[in-house]
Amino acid sequence: MRVGNLTALLCALFFCLLNKTANAVPFGTFDPRSLAMGGAGVASGSSANAAYYNPALLSMYKTRKEIGRNSSFVLPTITARASEAVVDNIDIEDENLEQDLVNAITAFNQNTNSQTAQGVLSAATDLYSRLDQLVDGPVHSDGNVGIILGIGHKQEGGSIIINRRGVGTGAIENFTNDIALLEDYVEAMQFIESGGTAGELHPELFNPDGTLIDQTGNLASMGNGAGLDITEIGMAISKEFQILGRGIAIGITPKILRVITYDFSADAATGETNSAKDENEDWDVNIDIGFAHQFNAQWRTGLVLKNVRSLSYTTSLGTEIGLKPQVRAGIAYDSPWGFYAADVDVIENDPVTYGSPSQMLSLGSEWKLKQWFKLRAGITRNMKGIGNNSDPVFSAGLRWDFGGIFDLSYAQGASEVAFGLQLGYRF
């Protein structure tokens, strides 16, 4: 097939997807540089991460690999992202808030007075506050660890990648009655502590002798969800072609996937979690396709289609999860004052199972303060997010080149926290 025909075919594949919704896991953030720059990477990646974001970038270097240090060996790259509610659930288990309420009720029943009423009030308020944080929208988690050998080159390049990613979503269910019960405990204790000037008595919470009925055993809030454990082994290849007088880089990443499904649940009141992986492994093949074009010394654009094959998996509890095509576009500007990049999901992606769809807008920048030291900052926003998931997430990071490479990043917003770490060598 001629290059022109191939390019036309690939472009048609991209634009056929522009107005469709894909039931897919989020695009993902796979390395600390991209995380620190708000998730941007489709036009701004390097040999250390191009296999994740756009394989075409491997052939966009200005010098040949024999002259410049264009290549990277990364061992490992690690990122983790989770909803604040996931962190809150861990805090609930560590703080043992339900047991604190049980103990406070026992103390009140042994000696009914304003002091023990204050103990119940404090314990019920703490547990109520934690549960209220958990139910504010769907929850998600996304963790990734990978090894990369990337060869960046002028007009051609390649990369080998081994990567493992765990991604899942969930939601808190059966929480309405629990929130109402804890509110009643709070109001009843306010009534007793204030001598009847505040709160409300709620006689249904008391025995005839005035002792409290311990209803903590009736708390039924549960977090339920599902996700995928995905291992990828891929080889990216990129080459620049002259098309209509322009240098267009085209990259492909064929990859082998091992996919395991899992279901999980968590007791919202105690934080205790349970998970179950499917004993069967699914083996598949897939491919990513990317384009990149350098307009001049400063401006570059990129476009990538991840996971060309549409795949679907079913958990042991019957939840169906799709791994579907995703399209993302990016632009980057390299100036004497810094490096700036922006990415956007071209199509909306449905969640893994529960919760919020995703269509991400990412903005990031990088400043070289010294030859061996860089600072980065960025912001990302889910334009289709639900509740707090629509709030922006701010990120920052640094790179220290000491012969080897050390990258570190952190991100936080109203809905989630994330961090990234990478060790490697550039050659």
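The values are calculated or read from the model by the stated rules, or taken from the named source; none is laboratory data. From a predicted model like this one, the values you see are computed outputs, not experimental measurements. Note: ideal-geometry Cβ built from the backbone for every residue, glycine included; neighbour counts use all protein chains shown.
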Per-region count, the stretch 401-426, residues at pLDDT 95 or above and over 18 Å from VAL139 (Cβ atoms): 10
Test: residue in the stretch 160-173 that is assigned to a helix (DSSP H, G or I), farther than 19 Å from PHE264 by Cα and over 23 Å from the mean Cα position of the chain (by Cα): no
Selected residue (only one of ASN274, ASN280 is in a loop (DSSP other than H, G, I, E, B), exposed (fewer than 15 other Cβ atoms within 10 Å of the Cβ) and within 41 Å of the chain's Cα centre (by Cα)): ASN280
Per-region count, the stretch 120-140, residues surrounded by 21 or more Cβ atoms within 10 Å (Cβ to Cβ) and at pLDDT 85 or above: 5
Options ASN109, ASN103, ASN54: the member that is in contact with a strand residue (DSSP E or B) (Cβ under 9 Å, 6 or more places away or on another chain), modelled with pLDDT of 90 or more and not assigned by TED's automatic domain parsing to the domain that holds PHE394: ASN109
GLY338 vs. criteria buried (at least 22 other Cβ atoms within 10 Å of the Cβ) and at pLDDT 90 or above: no
Cβ pairs under 6 Å, 6+ apart, first in the stretch 15-38 and closer than 20 Å to GLU366 by Cβ and hydrophobic (A, V, I, L, M, F, W, C), second assigned to a helix (DSSP H, G or I) and at pLDDT 60 or above: PHE30/TYR52
Scope the stretch 219-259; condition without any contact (Cβ under 8 Å) to a residue 40 or more places away in the chain and among the polar types (S, T, N, Q); matching residues: GLN242
Count - residues of the stretch 373-402 that are touching a residue at least 40 places away in the same chain (Cβ under 8 Å) and of a type in the set (D, E, K, R): 2
Filter result for the condition that a residue is assigned to a loop (DSSP other than H, G, I, E, B) and in contact (Cβ under 8 Å) with a residue 60 or more places away in the chain, over ILE405, ILE347, ILE331: ILE347
Condition met for ASP184 (acidic (Asp, Glu), buried (at least 20 other Cβ atoms within 10 Å of the Cβ) and not in a strand (DSSP E or B)): no
The lone exception for SER238 - which of (1) small (Gly, Ala, Ser); (2) surrounded by fewer than 21 Cβ atoms within 10 Å (Cβ to Cβ); (3) in contact with a helix residue (DSSP H, G or I) (Cβ under 6 Å, 6 or more places away or on another chain) it fails: (2)
Residues of the stretch 311-321 satisfying the condition of being buried (at least 18 other Cβ atoms within 10 Å of the Cβ) and modelled with pLDDT under 90: THR315, THR319, ILE321
Residues satisfying the stated conditions in the stretch 364-394, i.e. under 13 Å from the mean Cα position of the chain (by Cα) and either β-branched (Val, Ile, Thr) or in a strand (DSSP E or B) (or both): THR380, ARG381, ASN382, VAL393
Criterion: touching a helix residue (DSSP H, G or I) at 6+ places or on another chain (Cβ under 9 Å) and buried (at least 22 other Cβ atoms within 10 Å of the Cβ) - qualifying residue of VAL304, VAL308: VAL304
Within the stretch 241-251, considering residues that are in a strand (DSSP E or B) and touching a Gly at 6+ places or on another chain (Cβ under 9 Å), the one surrounded by the most Cβ atoms within 10 Å (Cβ to Cβ): GLY251
From the options ILE233, ILE213, residue that is assigned by TED's automatic domain parsing to the domain that holds SER159, of a type in the set (A, V, I, L, M) and at pLDDT 90 or above: ILE233
Count - residues of the stretch 192-204 that are surrounded by fewer than 18 Cβ atoms within 10 Å (Cβ to Cβ), on the phi < 0 side of the Ramachandran plot and not acidic (Asp, Glu): 5
Considering residues of the stretch 66-100 that are part of a helix (DSSP H, G or I) and either of a type in the set (A, V, I, L, M, F, W, C) or modelled with pLDDT of 90 or more (or both) only, the residue surrounded by the most Cβ atoms within 10 Å (Cβ to Cβ): ALA85
